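Everything on this sheet refers to the single structure shown next.
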Amino acid sequence: MSSFSGAPPGAMLESSSRGPSALARYYQTVRSHLKLIAACVAVTLLAAIAYVELAPKTYTATAQVLVNPASTDDTVLFSLPVLHTSGDPTQDVLTAASLITTPQIAQATINALALHTSSSALLGKIQANPLDQSNIISLQVTSSSPQQAQQIANTFASEIVEVRTAALHKAIALVIPGLRTTVARLPAAQQNGAGTLGDQLNQLEQLQSSPDPTVSVAAEATLPTAPTSPRKGLSLVVGLFAGLLIGLGAAFAFDALDPRLQREEQLKERFPRVPILARVPEAEARKPGPLTPLDLPIPASEQYRTLRATLTARRTKASQAYLLTGSAPAEGKSTSAINLAAALAQSGENVILIEADLRRPTIAKALGLQKFAGTEEVLNGEIKLTNALSQVKLGTGSFLVLAAHGNNAHEADRLSSVAAQRLVEEARRYADFVVIDSPPITAVVDALPIAKVVDAVLVTARIGHTRLSKLSELWELLGHQGTLPTGIVLVGVHEQDELGYAYHLTARELEWEAPIEANGGAPEALDPAPGRSRRS
């Protein structure tokens, strides 16, 4: 039975309270999705640049109008069409802002500049707002041309004074004739003096030749030197932050919704008591199917040497049997089985590699085996294990292989507990180490009987491929029969980030340079491994 820490099955599945903090998990999520975040930022920045370059440019010119509402005590202006105070300066300015942006003034501006637009369209380009807490109104005019924006702002401001002055003069012209008649009828002593009708008449006659005293142009608009829309700097900053927000949102959404393994910490959180025994960097596949030591880069080969050292250090008896499985196809279990067997053989151990995947076998093709007796024949009793083994040489090391022909679900059903135990025990007699490659347990349960009779169950998981839900299902299936994984072989890690290892053997020092030599027949001599006697 496989060895493990002795914790109950449920303990392996519970999340560790000593796991990474929330801040650390956020950092890990961002780190694992840096490419996605960078892509979102790049897209939004490009969109912002395109907007800045392609969007119509608008310019804003600002003129200022001074408002001096007439007092309620002013008997001359009281009945005339001028701006009157309400006692609230803020309200006075707001009222003035609405009174000076009228279609009449807009039409006067259009006529003065010979513009081809309507008064409502022009008013849509003008905003009149009080300037802070003062009695000044800011007239902001937008246009596609800086010169036109300046002209409209200045002309509109001057037309405010002109139109309101004209209305004032018209009202005065209606009042003066009657007032003159009234003054002429008064005694001479009552016609002049402060507060008399004659004094009012004199003030009205002066106003008739003067502009509206309650409104005037405080400052003319200057020529805009840069467009106010689109604003390049602001657009780029908004694009940057929008990209970051979208990217972060997408990263956390993927992390929450995507059930695939993205980083090592996810394994530590789900299975805190199961160690990661090897971190194998992703290798570029030169051919379909499992990779042999000849196909792997040096850092990957070093990880399988590390796995070998870890397993041999935990060796508890003369012959050890290891089962390599996974939760789904294409997770690197067959590659790991071949390379673990090769690494063990390279250290001088007697090794037998057994292929227990009777549905989709791949080892024979990977190792170049042509004519061989398969695992099926051994299980059926058609041939003895010793006669079915093929010898494979890799450089100066060699190991024995029992490959499968596969594609036969009926034969897979023969892999019962009794057959599995008999096969493993027979292999132990002739090898120091027995490495067994099995099908994914969550896909088919063929390998479950073997898991009960081996010394260690190693689970392979591939970053970006393995589904965490399937991995938990694998743990449950093994836990139900009292067998739990001894460790995890993590495949597809980023070498610099995860391994932190830059001190490798050179290619010349590696012993995988010789081509694979596969002997399809039985090995020339097969004796029990040292320390064990041959049994019938």
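The values are calculated or read from the model by the stated rules, or taken from the named source; none is laboratory data. In this text the structure is predicted, and so the values were computed from the model without any measurement. Methodologically, a virtual Cβ is constructed for each residue, glycine included, from the backbone with ideal geometry; neighbour enumeration extends over all protein chains shown. Calculation scope for accessible area: heavy atoms of the full protein, side chains included, ligands and nucleic acids excluded. Shrake-Rupley method; radii C 1.70, N 1.55, O 1.52, S 1.80 Å.
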How many of the residues in the range 229-239 are open to solvent by less than 60 Å² (accessible area, probe 1.4 Å) and touching a residue at least 60 places away in the same chain (Cβ under 8 Å)? 5
Modelled with pLDDT of 90 or more, surrounded by fewer than 19 Cβ atoms within 10 Å (Cβ to Cβ), under 26 Å from the mean Cα position of the chain (by Cα) and of a type outside the set (Gly, Ala, Ser): is that true of ILE37 in this structure? no
Quick one: count up the residues across the range 379-409 that are over 22 Å from LEU291 (Cα atoms) and at pLDDT 90 or above. 6
Selected residue (criterion: least open to solvent (accessible area, probe 1.4 Å)) from residues of the range 348-405 that are β-branched (Val, Ile, Thr) and over 22 Å from ALA451 (Cα atoms): VAL392
Restricting attention to the range 129-142, and to residues there that are touching a residue at least 60 places away in the same chain (Cβ under 8 Å) and part of a strand (DSSP E or B), which single residue is most open to solvent (accessible area, probe 1.4 Å)? GLN140
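Might you let me know whether the range 451-458 holds any residue that is acidic (Asp, Glu), at pLDDT 80 or above, within 42 Å of the chain's Cα centre (by Cα) and open to solvent by 40 Å² or more (accessible area, probe 1.4 Å)? Walk me through it before giving the result.
Restricting attention to the range 451-458, the residues satisfying the condition of being acidic (Asp, Glu) are 455.
Within this subset, residues satisfying the condition of being at pLDDT 80 or above are 455.
Restricting the remaining residues to those that are within 42 Å of the chain's Cα centre (by Cα) gives 455.
From what's left, open to solvent by 40 Å² or more (accessible area, probe 1.4 Å): none.
Scanning the range 451-458, I find no residue that is acidic (Asp, Glu), at pLDDT 80 or above, within 42 Å of the chain's Cα centre (by Cα) and open to solvent by 40 Å² or more (accessible area, probe 1.4 Å), so the answer is no.
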Filter the range 415-450 down to the residues that are touching a strand residue (DSSP E or B) at 6+ places or on another chain (Cβ under 6 Å) and either surrounded by fewer than 17 Cβ atoms within 10 Å (Cβ to Cβ) or outside any helix (DSSP H, G or I) (or both) and list them by number. ALA431, PHE433, VAL434, VAL435, ILE436, ASP437, SER438, PRO440, ILE441, ALA447
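Can you tell me how many residues in the range 265-312 are among the acidic types (Asp, Glu), over 22 Å from PHE399 (Cα atoms) and buried (at least 20 other Cβ atoms within 10 Å of the Cβ)?
Restricting attention to the range 265-312, the residues satisfying the condition of being among the acidic types (Asp, Glu) are 265, 269, 282, 284, 295, 302.
Checking which are over 22 Å from PHE399 (Cα atoms) leaves us with 265, 269, 282, 284.
With buried (at least 20 other Cβ atoms within 10 Å of the Cβ) added as a condition, the list becomes none.
Of the residues in that region, 0 qualify.
Which one is modelled with the highest pLDDT, of the residues in the range 257-273 that are of a type in the set (A, V, I, L, M, F, W, C) and under 11 Å from LEU490 (Cα atoms)? Reasoning before the result, please.
Our first condition is that a residue be of a type in the set (A, V, I, L, M, F, W, C); within the range 257-273, this holds for 257, 261, 267, 271.
Still in the running and under 11 Å from LEU490 (Cα atoms): 261, 267.
Working: LEU261: 87, LEU267: 90.
The qualifying residue modelled with the highest pLDDT is LEU267.
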Out of everything in the range 242-264 that is outside any loop (DSSP other than H, G, I, E, B) and open to solvent by less than 30 Å² (accessible area, probe 1.4 Å), what residue ends up being farthest from ARG308 (Cα to Cα)? GLY243
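Would you confirm, using the coordinates I've provided, whether ALA256 is farther than 23 Å from LEU478 by Cα and within 27 Å of the chain's Cα centre (by Cα)? Steps first, please.
Details: farther than 23 Å from LEU478 by Cα: yes; within 27 Å of the chain's Cα centre (by Cα): yes.
Yes.
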In the range 44-102, what residues are assigned to a loop (DSSP other than H, G, I, E, B) and either at positive phi or among the aromatic types (Phe, Trp, Tyr) (or both)? PHE78, GLY87
Selection from the range 124-143 of residues that are in contact with a Ser or Thr (Cβ under 6 Å, 6 or more places away or on another chain) and more than 12 Å from ALA221 (Cβ to Cβ): LYS125, ALA128, ASN129, LEU131
From (1) of a type outside the set (Lys, Arg); (2) within 45 Å of the chain's Cα centre (by Cα); (3) closer than 22 Å to PRO69 by Cβ; (4) open to solvent by 20 Å² or more (accessible area, probe 1.4 Å), pick out the condition that doesn't hold for ILE126. (4)
